[in-house]
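The values are calculated or read from the model by the stated rules, or taken from the named source; none is laboratory data. From a predicted model like this one, the values you see are computed outputs, not experimental measurements. Backbone-built Cβ (ideal geometry, glycine too); neighbour counts: all protein chains shown. Note: areas computed on protein heavy atoms with side chains; ligands, DNA, RNA excluded. Shrake-Rupley method; radii C 1.70, N 1.55, O 1.52, S 1.80 Å.
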Amino acid sequence: MNIEQVREYTLSLFGVTEDQPFGDDILTFRLEGKIFLCLWLGGGKHDIKESLEPRLALKLSPERNEELRSQFAAVTPAWHWNKKHWSDVYYEQVEDALVQEWIKESYQLVASKLPKAIRLKYLQMN
């Protein structure tokens, strides 16, 4: 996937909004105000000196983060987030279907934590 494909796929999920609360170099994607994905646009204060490769940060369960990190070199502890709950994904190094699967998994994790009345509409839509 390229950066536009990541953005388009993420915005195609029901109820997703985007904003830039951390500056011009990061897009955040939210469900009901809760961040589930951050997409690095390049440049700016969120550069990682060791790697300028395109990346995104996903919120996943601690167990799932450990599993993906052990299986894929392109999945690492999130540079600027809680490393237990967030992983950086160098999405150009991974098959498109996996990136989409992980984005949806992050979305569903956040949806599952919403109040029941709100949660049901998101879990049924996707």
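Would you confirm whether any residue within segment 108-117 is of a type in the set (K, R), touching a residue at least 40 places away in the same chain (Cβ under 8 Å), within 17 Å of F14 (Cβ to Cβ) and assigned to a helix (DSSP H, G or I)?
Narrowing segment 108-117 to residues of a type in the set (K, R): 113, 116.
Next, only the ones that are touching a residue at least 40 places away in the same chain (Cβ under 8 Å) stay: 113.
Filter once more, so that each one left must be within 17 Å of F14 (Cβ to Cβ): 113.
Among the residues that remain, those that are also assigned to a helix (DSSP H, G or I) are: none.
No: zero hits.
Within segment 1-42, how many residues turn out to be of a type in the set (F, W, Y), within 15 Å of E53 (Cα to Cα) and open to solvent by 50 Å² or more (accessible area, probe 1.4 Å)?
Residues of segment 1-42 that are of a type in the set (F, W, Y), as a first pass: 9, 14, 22, 29, 36, 40.
Cutting the leftovers down to within 15 Å of E53 (Cα to Cα) gives us 40.
From the residues that got through so far, the ones that are open to solvent by 50 Å² or more (accessible area, probe 1.4 Å) too are none.
Final tally of qualifying residues: 0.
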Tally the residues that are assigned to a helix (DSSP H, G or I) and hydroxyl-bearing (S, T, Y), restricting the search to segment 77-107.
-> 3
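Restricting attention to segment 66-74, does a residue exist that is in contact with a strand residue (DSSP E or B) (Cβ under 6 Å, 6 or more places away or on another chain) and without any contact (Cβ under 8 Å) to a residue 40 or more places away in the chain?
Initial filter on segment 66-74 (in contact with a strand residue (DSSP E or B) (Cβ under 6 Å, 6 or more places away or on another chain)): 68-69.
Remaining after also requiring without any contact (Cβ under 8 Å) to a residue 40 or more places away in the chain: 68-69.
Within segment 66-74, one or more residues are in contact with a strand residue (DSSP E or B) (Cβ under 6 Å, 6 or more places away or on another chain) and without any contact (Cβ under 8 Å) to a residue 40 or more places away in the chain.
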Looking at segment 78-95, which of its residues are in contact with a helix residue (DSSP H, G or I) (Cβ under 7 Å, 6 or more places away or on another chain) and either free of Cβ contacts under 8 Å to residues at least 24 places away in the same chain or open to solvent by 70 Å² or more (accessible area, probe 1.4 Å) (or both)?
-> H80, K84
Among the residues of segment 54-84 satisfying the criterion of being under 16 Å from L27 (Cα atoms) and not aliphatic (A, V, I, L, M), which is modelled with the highest pLDDT?
-> K59
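Residue by residue, here is whether (1) under 24 Å from R119 (Cβ atoms); (2) not small (G, A, S) holds:
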| residue | (1), (2) |
| --- | --- |
| S12 | yes, no |
| F29 | yes, yes |
| R55 | no, yes |
| L58 | yes, yes |
| S61 | yes, no |
| E67 | no, yes |
| Q71 | no, yes |
| Q93 | no, yes |
| E105 | yes, yes |
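Kindly evaluate A57 against the criterion of being closer than 23 Å to F22 by Cα and in contact with a strand residue (DSSP E or B) (Cβ under 8 Å, 6 or more places away or on another chain).
Details: closer than 23 Å to F22 by Cα: yes; in contact with a strand residue (DSSP E or B) (Cβ under 8 Å, 6 or more places away or on another chain): yes.
Yes: the conditions hold for A57.
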